[in-house]
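Asker: Take a look at the following structure, please.
The values are calculated or read from the model by the stated rules, or taken from the named source; none is laboratory data. Everything quoted here is computed from the prediction, not taken from an experiment. Virtual Cβ from ideal backbone geometry, glycine too; neighbours counted across all protein chains shown. The accessibility values were calculated without ligands, DNA or RNA, using every heavy atom of the protein model including side chains. Shrake-Rupley method; radii C 1.70, N 1.55, O 1.52, S 1.80 Å.
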Amino acid sequence: MKTIIITGAGRGIGKAIALKFAKEGFNVTINCNRSADELKVTADEIMRLNKESEDNILTLQGDVGDYSFAEELVARTIEKFGRVDALVNNAGISYIGLLTDMTGEDWNHVLTTNLTSIFNMSKFAARDMLHYHDGRILNISSMWGNVGASMEVAYSASKGGVNSFTRALAKELAPSGISVNAIACGVIDTKMNACFTDEERTALIEEIPYCRMGEPSEVADLAYNIITGPAYLTGQIITVDGGMT
């Protein structure tokens with residue numbers, strides 16, 4: 001049985017990905033930083049899929065932007081399941097506001113959560129994958145990492161960094177049989193977008209050619225197809241945004 005780690009799995013896209021892989025028979029390690037209650041809900045749903053067995057799930061709360069915690073998360077996964085076959089770097093936060101209003105703390109928080117966490121987790125997961133000459137790393141990015149968004153400079157910069165990180169690491173790890181890709185999400189109907197008013201949501205949807213927001217389950221299905229698909233697919237930023245960009 002294969003093992004996958006999903007960060008930011010308490011809700012939204014991360015939760016949908018965790019449930020998808022659990023349903024498909026993977027051992028699943030799930031993580032979040034702050035939403036412990038939501039992470040427990042995800043774990044309970046996975047437990048029901050596994051007939052209330054804890055054999056195929058590991059839950060660990062903490063900040064993957066912290067180097068030591070990321071190392072512990074991977075080590076605990078290997079201790080329980082033997083190895084890491086796949087990693088989904090999904091942990092992320094947004095910041096909407098003028099650059100001139102951002103504090104240095106705001107900037108560092110976004111970059112640490114969205115980009116440094118991917119370095120941390122990828123380093124320790126890849127180190128295990130190298131033993132087996134096999135593995136899959138998938139980073140959850142954003143269309144704003146492709147084109148940039150006004151009022152979301154830090155977020156756009158962090159996701160642009162994720163995209164470049166993905167392409168570079170893919171070249172580095174390809175000779176070792178490890179593929180690295182990213183999904184650049186458009187507007188997905190998650191709590192991250194709950195900050196918008198009904199009028200703002202309507203205006204946003206009017207800009208999407210598909211005339212609706214994406215569903216977390218659609219991203220989860222794509223994530224599953226990428227991770228279980230051809231290993232020769234690597235270094236790609238696959239955009240799923242309803243035709244918006």
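Asker: Based on what the data block shows, is ILE46 open to solvent by 40 Å² or more (accessible area, probe 1.4 Å), assigned to a helix (DSSP H, G or I) and more than 23 Å from ALA154 (Cβ to Cβ)? Talk me through it step by step, then tell me what you get.
Answerer: Values: open to solvent by 40 Å² or more (accessible area, probe 1.4 Å): no; assigned to a helix (DSSP H, G or I): yes; more than 23 Å from ALA154 (Cβ to Cβ): yes.
Criteria not met by ILE46.
Residues checked against (1) in contact with an Asp or Glu (Cβ under 7 Å, 6 or more places away or on another chain); (2) over 28 Å from SER179 (Cα atoms); (3) without any contact (Cβ under 8 Å) to a residue 24 or more places away in the chain:
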{"site": "ILE30", "(1), (2), (3)": "no, no, no"}
{"site": "ASN33", "(1), (2), (3)": "yes, no, no"}
{"site": "LEU73", "(1), (2), (3)": "no, no, no"}
{"site": "ALA86", "(1), (2), (3)": "no, no, no"}
{"site": "LEU98", "(1), (2), (3)": "no, yes, no"}
{"site": "ASN114", "(1), (2), (3)": "no, no, no"}
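Asker: Could you go through the stretch 141-164 and let me know if any residue there is within 21 Å of LEU87 (Cα to Cα) and without any contact (Cβ under 8 Å) to a residue 12 or more places away in the chain.
Answerer: Within the stretch 141-164 (the criterion being within 21 Å of LEU87 (Cα to Cα) and without any contact (Cβ under 8 Å) to a residue 12 or more places away in the chain), the answer is yes, since at least one residue qualifies.
Asker: Of these, ALA194, ALA231, which one is modelled with pLDDT under 90, over 16 Å from ILE140 (Cα atoms) and under 21 Å from the mean Cα position of the chain (by Cα)? Write out each step before concluding.
Answerer: Details: ALA231 fails: modelled with pLDDT under 90.
Answer to the selection: ALA194.
Asker: Of all residues in the stretch 128-154, count the ones that are open to solvent by less than 40 Å² (accessible area, probe 1.4 Å) and in a loop (DSSP other than H, G, I, E, B).
Answerer: In the first step, residues of the stretch 128-154 are kept if they are open to solvent by less than 40 Å² (accessible area, probe 1.4 Å); the result is 128-129, 135-143, 145, 148-149, 152, 154.
Next cut, in a loop (DSSP other than H, G, I, E, B) only: 143, 148-149, 152.
Count: 4.
Asker: What's the number of the condition ASN225 fails, among (1) at pLDDT 95 or above; (2) more than 19 Å from VAL88 (Cα to Cα); (3) open to solvent by 70 Å² or more (accessible area, probe 1.4 Å)?
Answerer: Evaluating ASN225 over (1) at pLDDT 95 or above; (2) more than 19 Å from VAL88 (Cα to Cα); (3) open to solvent by 70 Å² or more (accessible area, probe 1.4 Å) leaves (2) as the failure.
Asker: Scan the stretch 1-43 residue by residue and report those that are open to solvent by less than 40 Å² (accessible area, probe 1.4 Å) and of a type in the set (Lys, Arg).
Answerer: Answer for the stretch 1-43, where residues must be open to solvent by less than 40 Å² (accessible area, probe 1.4 Å) and of a type in the set (Lys, Arg): there is none.
Asker: Please work out which one of (1) exposed (fewer than 15 other Cβ atoms within 10 Å of the Cβ); (2) within 27 Å of ARG136 (Cα to Cα); (3) of a type in the set (Asp, Glu) is the condition GLU199 fails and give its number.
Answerer: With respect to (1) exposed (fewer than 15 other Cβ atoms within 10 Å of the Cβ); (2) within 27 Å of ARG136 (Cα to Cα); (3) of a type in the set (Asp, Glu), GLU199 is out only on (2).
Asker: While we're looking at this one, here's another question. Of a type in the set (Asp, Glu) and either closer than 22 Å to ALA75 by Cβ or not in a helix (DSSP H, G or I) (or both): is that true of ASP221 in this structure? Before you say what the answer is, go through the steps one by one.
Answerer: Working: of a type in the set (Asp, Glu): yes; either closer than 22 Å to ALA75 by Cβ or not in a helix (DSSP H, G or I) (or both): no.
No; evaluated as a whole, the condition is false for this residue.
Asker: Can you find a residue that is surrounded by fewer than 15 Cβ atoms within 10 Å (Cβ to Cβ) and not in a helix (DSSP H, G or I) anywhere in the stretch 185-193?
Answerer: No: zero hits.
Asker: Select from the stretch 229-245 the residues that are in a loop (DSSP other than H, G, I, E, B) and within 18 Å of THR166 (Cα to Cα) and list them in ascending order. Spell out the reasoning first.
Answerer: We begin by selecting, within the stretch 229-245, every residue in a loop (DSSP other than H, G, I, E, B); these are 229-236, 241-245.
Passing the criteria: GLY229, PRO230, ALA231, TYR232, LEU233, THR234, GLY235, GLN236.
Asker: Would you call SER158 among the small types (Gly, Ala, Ser), under 25 Å from ARG11 (Cα atoms), open to solvent by less than 50 Å² (accessible area, probe 1.4 Å) and modelled with pLDDT under 95? Working first, answer last.
Answerer: Details: among the small types (Gly, Ala, Ser): yes; under 25 Å from ARG11 (Cα atoms): yes; open to solvent by less than 50 Å² (accessible area, probe 1.4 Å): yes; modelled with pLDDT under 95: no.
No.
Asker: Let me ask another. Within the stretch 55-110, which residues are among the acidic types (Asp, Glu) and either open to solvent by less than 40 Å² (accessible area, probe 1.4 Å) or assigned to a loop (DSSP other than H, G, I, E, B) (or both)? Step through it out loud before you land on a result.
Answerer: So in the stretch 55-110, the residues among the acidic types (Asp, Glu) come out as 55, 63, 66, 71-72, 79, 85, 101, 105-106.
The answer is ASP55, ASP63, ASP66, ASP85.
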